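Let me begin by presenting the structure, written as structure tokens, before commenting on it.
The values are calculated or read from the model by the stated rules, or taken from the named source; none is laboratory data. Please read these numbers as outputs of a predicted model, since none were measured by experiment. Every residue, glycine among them, receives a Cβ derived from its backbone with ideal geometry; neighbour counts consider all protein chains shown. Areas reflect the complete protein model, heavy atoms only, side chains present, ligands, DNA and RNA absent. Shrake-Rupley method; radii C 1.70, N 1.55, O 1.52, S 1.80 Å.
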Amino acid sequence: MSKLIVGVLLSLIASVSFAKTDKLVVYSSYDGARLGPIFAPFTQATGIQVEVVNAGSTDLVNRLAAEGANTPADLYLDKDIVYLGQADSKGLLQAFNAPYVTQNIPAHLIDANNRWFLIFYRARVIMYNTNKVNPADLSTYEDLADSKWEGHLCLRTSNNSYNEALGASFVHHLGEDRTEKIFAGWVNNLALDPIKGDTDLIHAIASGTCSVGIANTYYLAPLVRDNPSFPVKPFFSNQKDVGAHINGVGIGITKASKNLKEANMLLEYLASKKVQEVVANGFSQYPSNRTAEIAPTLINFGAFVEDTTNVGTIAEKAPKAKELMNKVGYK
């Protein structure tokens, strides 16, 4: 990966002689072992080390808030728009100044205030058992609340950011009353208690324990690569004027960082075509840079219409979605 990326990085960064620091600190929900190979070419080309401090998403947001102006973190990287939105709402991020990002990443994948953007993303979609469900009978997330799916639906627990973000998109597009009815219908249609993880949920669909469910595309991708006849396929919601819900891995510069030039350099590096192709492929997700190639497995999942609402706008609605889940007893 390094040789492939270094040339791109050098073309993005005309000079590194004015770097004020030889290290950037990234607070991240992914550990350093996984991110190390991604940052290595950046260090090779610039001499700037990237130190990754890993913790859970909630812990990182709380830590940034507690440390305030004294935080050593220059950047905050997280797996989900819910946590990036939380950090932003607490005033923990500042606007970036990285022209390459704004020129090459679609506007809806960049927070409206330029405080964070998605490096790559996934779709949270309907999954179905190919031996039990005719895809012609599928349509929208909302349709899964219909009584025809009673006893056939599997869901991940509500206590995860993926479903909070999905619910936030419902609140934004459909309103609170309609969202509440969707959640209530889902609960009524469950084949078993909510499952803790997407992978287990997909296996429950494959085994026939349930016929349909909702999960992220990147959890299905490796299962299909390992077994092309795996009996689960994705169906992308065709809700009118909404499209399929997307979420992703994003990054922003902390409010306290003084190493702004170097931090913006790292953002531009992460947004570059070659970096995106390699990294998004490695995470089985879609690259945000539209010039980057998509992994073959994801191409085989088919084209889809994605929700182009700004990711920051969706993130703002997550607390309300969680409130409505609790109200109807979605555990």
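Looking at this structure, is residue 85 modelled with pLDDT of 95 or more and surrounded by fewer than 24 Cβ atoms within 10 Å (Cβ to Cβ)? Here the answer is no, as residue 85 does not meet what is asked.
In region 196-218, which residues are crowded, with 21+ Cβ neighbours inside 10 Å and either part of a strand (DSSP E or B) or touching a Ser or Thr at 6+ places or on another chain (Cβ under 8 Å) (or both)? Across region 196-218, the qualifying residues are 205, 212, 213, 214, 215, 216, 217, 218.
Scan region 281-297 and give yes if some residue there is at pLDDT below 95, polar (S, T, N, Q) and part of a helix (DSSP H, G or I), otherwise no. For region 281-297, residues at pLDDT below 95, polar (S, T, N, Q) and part of a helix (DSSP H, G or I): present. Applying the criterion of being in contact with a Leu (Cβ under 9 Å, 6 or more places away or on another chain), of a type in the set (A, V, I, L, M) and closer than 19 Å to residue 249 by Cβ to the residues of region 44-59, the residue that is surrounded by the fewest Cβ atoms within 10 Å (Cβ to Cβ) is 53. Residue 90 passes every criterion in (1) within 16 Å of the chain's Cα centre (by Cα); (2) farther than 22 Å from residue 141 by Cβ apart from (1). Could you tell me which of the residues 159, 134 is modelled with pLDDT under 95 and open to solvent by 10 Å² or more (accessible area, probe 1.4 Å)? None of the others qualify; the one that does is 159. Looking only at residues of region 219-243 that are under 17 Å from residue 137 (Cα atoms) and open to solvent by less than 10 Å² (accessible area, probe 1.4 Å), we find that the one that is nearest to the chain's Cα centre (by Cα) is 237. Inside region 240-261, residues that are among the β-branched types (Val, Ile, Thr) and closer than 15 Å to residue 172 by Cα make up a count of 2. Within region 142-155, if we keep just the residues that are in contact with a strand residue (DSSP E or B) (Cβ under 7 Å, 6 or more places away or on another chain) and open to solvent by 10 Å² or more (accessible area, probe 1.4 Å), the residue that is nearest to residue 177 (Cα to Cα) turns out to be 149. The residue of region 96-114 that is farthest from residue 289 (Cα to Cα), among those that are surrounded by 18 or more Cβ atoms within 10 Å (Cβ to Cβ) and hydrophobic (A, V, I, L, M, F, W, C), is 96. Scanning region 162-184 for residues that are of a type in the set (A, V, I, L, M), open to solvent by 10 Å² or more (accessible area, probe 1.4 Å) and within 14 Å of residue 311 (Cα to Cα) returns a single hit, 171.
Would you be able to tell me the number of residues in region 298-323 that are among the polar types (S, T, N, Q) and outside any loop (DSSP other than H, G, I, E, B)? Counting residues in region 298-323 that are among the polar types (S, T, N, Q) and outside any loop (DSSP other than H, G, I, E, B) gives 2.
Has region 274-292 got any residue that is surrounded by fewer than 20 Cβ atoms within 10 Å (Cβ to Cβ), among the hydroxyl-bearing types (Ser, Thr, Tyr) and either within 18 Å of residue 113 (Cβ to Cβ) or touching a Ser or Thr at 6+ places or on another chain (Cβ under 9 Å) (or both)? Within region 274-292, none of the residues are surrounded by fewer than 20 Cβ atoms within 10 Å (Cβ to Cβ), among the hydroxyl-bearing types (Ser, Thr, Tyr) and either within 18 Å of residue 113 (Cβ to Cβ) or touching a Ser or Thr at 6+ places or on another chain (Cβ under 9 Å) (or both). From (1) at pLDDT below 95; (2) surrounded by fewer than 19 Cβ atoms within 10 Å (Cβ to Cβ); (3) β-branched (Val, Ile, Thr), pick out the condition that doesn't hold for residue 5. Among (1) at pLDDT below 95; (2) surrounded by fewer than 19 Cβ atoms within 10 Å (Cβ to Cβ); (3) β-branched (Val, Ile, Thr), residue 5 violates only (2). Counting only residues that are open to solvent by 10 Å² or more (accessible area, probe 1.4 Å) and not polar (S, T, N, Q), region 247-269 holds 7 of them. Out of all the residues in region 104-114, is one or more in contact (Cβ under 8 Å) with a residue 40 or more places away in the chain and charged (D, E, K, R)? Taking every residue of region 104-114 in turn, at least one turns out to be in contact (Cβ under 8 Å) with a residue 40 or more places away in the chain and charged (D, E, K, R).
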